[in-house]
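I have placed the structure first, in the form of structure tokens, so that the comments after it can refer back to it.
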2 protein chains.
Amino acid sequence: MKKGPFEILSSTPIYKNPWINVREDAVIRPDGSQGIFGVVEMLPGVSVVAINKKMEVLLAYEYKYAIEEESIELISGALDPGESIEQAAARELKEETGMVASEWIGLETVTPFTTVIRSPNHLMLAKGIHLDPDHVPDQNEPVTTISVPFKEAIEMVMDGRITHGASCVGILKAARLLGL
Amino acid sequence: MKKGPFEILSSTPIYKNPWINVREDAVIRPDGSQGIFGVVEMLPGVSVVAINKKMEVLLAYEYKYAIEEESIELISGALDPGESIEQAAARELKEETGMVASEWIGLETVTPFTTVIRSPNHLMLAKGIHLDPDHVPDQNEPVTTISVPFKEAIEMVMDGRITHGASCVGILKAARLLGL
């Protein structure tokens, strides 16, 4: 079977859990040599640049397992099956912060890796966020969320305090759109 | 063993090739529940925002296996063992384009994923790039590199023609630094 300029000789399932799926493909590369690809597939995700009327953005502080340290990130999560990008963005925002937005603007998609990992991450800008009066806070939520002036969030990306890929792209794209 | 707020019960190697390493950890989460993490470790990488005197940036067009389509990205590659970020950036630039830079500026690091994938990607801005007269082109290089006006590259990030995470972050950070 052909995949772009690659010929796939075999594809072997390696590992699967609810979040990631690993397989190994044996291929003939475009230059004619034989090789392997260990490919990781992850659920598509969404990250939300959530801004309130005071031009503050919501950031979540959480210990992240793979990088073994606390990371400062946009409100993010995986798409549920059948869910649209907009639905997932609104659900994640409400679940993690109890907020709803008055306006949603798409910021395109980021593909954090392209060669061995498949995991599109969609970016949405949520403007005019405010508390949903019907929201019941989830007491078990381990995420600490804070509001930061948007200009400070830009500085946090520029100086490396924020490193999470989709969060960096979302904040810098929103900065350009908002003229900041 | 503790890892941040997680207690690790066991860690099982799943898969390893020269580029990725997959393991499954059984853990007790911060809320006391038991669970698993499938963690993928990749080699650290470097991406170079390489700009010439005409304010054009070098972009590589290449079919990318995991996302199954062509991707437009900055000059990028993995760090060799023992290599510094600056050494890797200069080597990748020269190998892929035959160019050397007159000035290097660090743009911090992006961590494309944080929860289940560990793979820091360092960003460097290379200014005043020009052909190294001693360079011998590699005829087997499957990458097509083109020069694009830097403002056009910014538009390509904003409208989703460039989606590769580190490339988006590198271009948008350089844009802010250069006042574009």
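Computed from the coordinates by the stated procedures, all read-outs in this text should not be read as laboratory data. In this text the structure is predicted, and so the values were computed from the model without any measurement. Cβ coordinates were reconstructed from backbone atoms using ideal geometry, including for glycine residues, and neighbour counts include every protein chain displayed.
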Worksheet entry | Gyration tensor verdict on the protein assembly as shown (Cα atoms; rounded if a/c is under 1.5, prolate if a/b is larger than b/c, oblate otherwise) | oblate
Response to the item:
Checked the range A:67-180 with the C-alpha gyration tensor, a ≥ b ≥ c its square-rooted eigenvalues, rounded below a/c of 1.5, otherwise prolate if a/b is larger than b/c and oblate if not; verdict rounded
Worksheet item: Amide H to amide H under 5 Å from B:G77: which residues, 5+ apart in sequence or cross-chain, H placed 1.01 Å off N in plane?
Response: B:V46
Worksheet, complete the sentence: Simple spin-label estimate for A:E70/A:L180, 7 Å along Cα→Cβ, in nm, reads 2.2
Worksheet item: Ranked by Cβ crowding within 10 angstrom, fewest neighbours first, how are B:R176, A:R118 ordered?
Response: B:R176, A:R118
Worksheet, complete the sentence: Most exposed to least, judged by fewest other Cβ atoms within 10 Å, A:T163, A:T109 sort to A:T109, A:T163
Discussion item. Just to be sure I understand the model, the point goes 7 Å from the Cα along the line to the Cβ. What's the resulting B:I28 to A:S102 distance in nm?
Written reply: 4.8
Discussion item. Helix-only estimate, please: 222 nm mean residue ellipticity of the protein assembly as shown, summing -39500 (n - 2.57) across DSSP H runs of length 4 or more and dividing by its residues, to the nearest 500.
Written reply: -6000 deg cm²/dmol
Discussion item. If R₀ is 35 angstrom, what is the calculated FRET efficiency for the pair A:K16 and A:V148, using the beta carbon separation as r and rounding to 0.05?
Written reply: 0.40
Worksheet, complete the sentence: Assertion target for B:M158, B:M42, A:M1, B:M55, ordered by fewest C-beta neighbours within 10 angstrom first, is A:M1, B:M55, B:M158, B:M42
